[in-house]
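Down below is the structure, laid out as structure tokens.
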Amino acid sequence: MLPFLIVLCIAACSALPSNPILRKLDDGPRYQYVGDSNGEIHLEDLWVSLSDYLNIARFRPEVSNVYFLYTRENPNNGQIIFRNENWLSLTNYKSLRRTIVLIHGWRNSASSEFNNVLIPALLAAEDVNVIVVDWSVGAGSLSYRQVNFNCITSAAAVADFIKWLNQASGSTLSQYHIIGHGVGGHQAGIIGRNLDRDVPYITGLDPALIGWVNHIDRFRSNDAWYTEVIHTNYGIFGYIGDLGLVDFYPNGGISMPGCDSNSCDHAMGYHYFAESISSGGFTGTECLNYYAAVLRMCFSDKTLKMGGLTPKNGHYGVYYLETNADAPYSKG
């Protein structure tokens with residue numbers, strides 16, 4: 001009897017697929033076109049297999065993530081911060097400054113345009129510590145579905161790094177502003193959640209759509225004291241619905257003036273944000289909801305400035321505004 005059971009078990013096991021599908025990222029077709037943060041479009045399989053989970057388990061962001069510090073003393077060459085107090089004391093990090101944390105998107109790195117646009121704008125506006133998180137080992141995977149999972153584990157590692165940095169330096173969470181783009185937009189929110197939602201300000205710049213529609217870990221309005229999202233390519237690269245306490249839909253959230261591609265639209269979020277830091281422009285008109293914003297049918301008397309370095313505590317809602325095709329993009 002025992003040999004028969006062994007043969008039966010072997011036969012049953014051999015009948016199973018070698019790489020079984022375990023879940024779907026989103027409802028809808030298995031194969032969908034997804035845009036990365038460089039604006040390139042890829043046909044992606046959105047069904048997660050056993051091999052995906054095995055590859056995801058190999059990503060160790062607590063080891064592979066790299067943290068680059070930029071300050072007015074070193075605006076062009078980032079200093080790596082290692083988790084060592086003696087090393088930290090050799091950098092230009094100052095515990096009394098505010099700290100801005102930048103999180104790039106899919107197939108990006110510390111040298112991405114997102115960082116290259118925002119670092120000089122931030123340092124010109126205020127004497128701050130800018131920490132660029134390079135999670136490119138997790139974000140650079142050719143598999144978008146794996147990147148979405150890596151985003152979550154990377155967020156936990158970044159939160160742990162921030163806790164260490166505060167303990168080592170005497171800084172507090174009240175000094176932080178986290179900014180993320182694309183998949184990094186969702187990661188920014190997840191970092192805030194891992195920090196008990198005690199970060200004052202989190203900004204999501206066109207957070208990613210595919211794989212995040214029904215995702216329990218997507219950007220949430222209560223991830224920080226104040227959360228703001230800027231949508232510039234809704235329904236394609238970017239999330240369509242409102243996610244933050246305040247959501248801005250420049251030009252209805254798609255087809256930015258001066259752009260001729262979805263990749264350009266997707267990138268305009270950080271260009272607009274950079275300008276908002278220096279000019280304080282971009283006045284949005286309140287909308288009934290995000291449907292009204294994408295239809296450009298917002299007629300309220302209530303207005304709010306988009307972006308900037310100061311959280312707009314006490315404000316919430318959806319806002320619409322129009323921009324120019326060239327810099328300066330703000331119409332006031």
Between residues in region 305-332 that are within 18 Å of THR227 (Cβ to Cβ) and residues that are of a type in the set (Val, Ile, Thr) and outside any strand (DSSP E or B), which pairs lie under 9 Å by C-beta distance while being six or more apart or on different chains?
GLY307/ILE277; GLY308/ILE277; LEU309/VAL128; LEU309/ILE277
Given (1) in contact with an Asp or Glu (Cβ under 8 Å, 6 or more places away or on another chain); (2) over 25 Å from ILE152 (Cα atoms); (3) among the hydroxyl-bearing types (Ser, Thr, Tyr), number of the condition TYR239 does not satisfy:
(2)
List the number of the failed condition for VAL246; all other conditions in (1) crowded, with 18+ Cβ neighbours inside 10 Å; (2) under 30 Å from ARG98 (Cα atoms); (3) at pLDDT 95 or above; (4) out of contact with any His (no Cβ under 6 Å at 6 or more places or on another chain) hold.
(4)
Would you pick out the residues in region 80-110 that are exposed (fewer than 15 other Cβ atoms within 10 Å of the Cβ) and under 25 Å from THR153 (Cα atoms)?
ILE80, PHE82, ARG83, ASN84, GLU85
Can you tell me which residue in region 215-232 is nearest to GLY204 (Cα to Cα), limited to those that are without any contact (Cβ under 8 Å) to a residue 40 or more places away in the chain and touching a His at 6+ places or on another chain (Cβ under 8 Å)?
PHE219
Region 80-98, subset touching a strand residue (DSSP E or B) at 6+ places or on another chain (Cβ under 6 Å) and among the polar types (S, T, N, Q), residue nearest to LEU122 (Cα to Cα):
ASN92
Could you list, in sequence order, all residues of region 203-214 that are in contact (Cβ under 8 Å) with a residue 40 or more places away in the chain and either within 13 Å of the chain's Cα centre (by Cα) or on the phi > 0 side of the Ramachandran plot (or both)?
THR203, GLY204, LEU205, ASP206, ALA208, GLY211, TRP212
Which residues, taken from region 204-251, are polar (S, T, N, Q) and part of a loop (DSSP other than H, G, I, E, B)?
ASN214, SER221, ASN222, THR232, ASN233
For SER174, the lone unmet condition from (1) closer than 21 Å to TRP225 by Cα; (2) in a helix (DSSP H, G or I); (3) under 13 Å from the mean Cα position of the chain (by Cα); (4) not charged (D, E, K, R) is (3)
Please tell me if ASP160 is outside any helix (DSSP H, G or I), acidic (Asp, Glu) and touching a residue at least 12 places away in the same chain (Cβ under 8 Å).
no
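Yes/no per residue for (1) aromatic (Phe, Trp, Tyr); (2) over 22 Å from GLU126 (Cα atoms); (3) touching a strand residue (DSSP E or B) at 6+ places or on another chain (Cβ under 6 Å); (4) at pLDDT 95 or above:
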site	(1), (2), (3), (4)
THR283	no, no, yes, yes
LEU288	no, yes, no, yes
TYR291	yes, yes, no, yes
MET306	no, no, yes, yes
PRO311	no, no, yes, yes
PRO328	no, no, no, yes
Residue that is buried (at least 18 other Cβ atoms within 10 Å of the Cβ), free of Cβ contacts under 8 Å to residues at least 40 places away in the same chain, at negative phi and out of contact with any Leu (no Cβ under 6 Å at 6 or more places or on another chain), where the choices are GLY192, GLY184
GLY192
Could you name every one of the strands (runs of 3 or more DSSP E) located completely within region 27-101 that has at least 1 residues being closer than 26 Å to LEU118 by Cα and among the aromatic types (Phe, Trp, Tyr)?
66-71
Residue selected from region 111-156 under the condition part of a helix (DSSP H, G or I) and among the polar types (S, T, N, Q), by the criterion surrounded by the fewest Cβ atoms within 10 Å (Cβ to Cβ):
ASN116
Selection from region 55-79 of residues surrounded by fewer than 14 Cβ atoms within 10 Å (Cβ to Cβ) and among the polar types (S, T, N, Q) yields ASN76, ASN77
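Taking the options SER89, SER109, SER37, SER64, name whichever one is within 24 Å of ILE191 (Cα to Cα), free of Cβ contacts under 8 Å to residues at least 40 places away in the same chain and of a type in the set (Gly, Ala, Ser).
Residue meeting the stated conditions: SER109.
Table: residues versus (1) touching a Cys at 6+ places or on another chain (Cβ under 9 Å); (2) surrounded by fewer than 24 Cβ atoms within 10 Å (Cβ to Cβ); (3) under 17 Å from LEU288 (Cα atoms); (4) polar (S, T, N, Q).
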{"residue": "ARG220", "(1), (2), (3), (4)": "no, yes, no, no"}
{"residue": "VAL229", "(1), (2), (3), (4)": "no, no, yes, no"}
{"residue": "ASP242", "(1), (2), (3), (4)": "no, yes, yes, no"}
{"residue": "GLY252", "(1), (2), (3), (4)": "no, yes, yes, no"}
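The values are calculated or read from the model by the stated rules, or taken from the named source; none is laboratory data. Given the structure is predicted, the values throughout are model-derived calculations rather than measurements. When we count neighbours, we look across all protein chains shown, and the Cβ atoms used for this are built from the backbone with ideal geometry, even at glycine.
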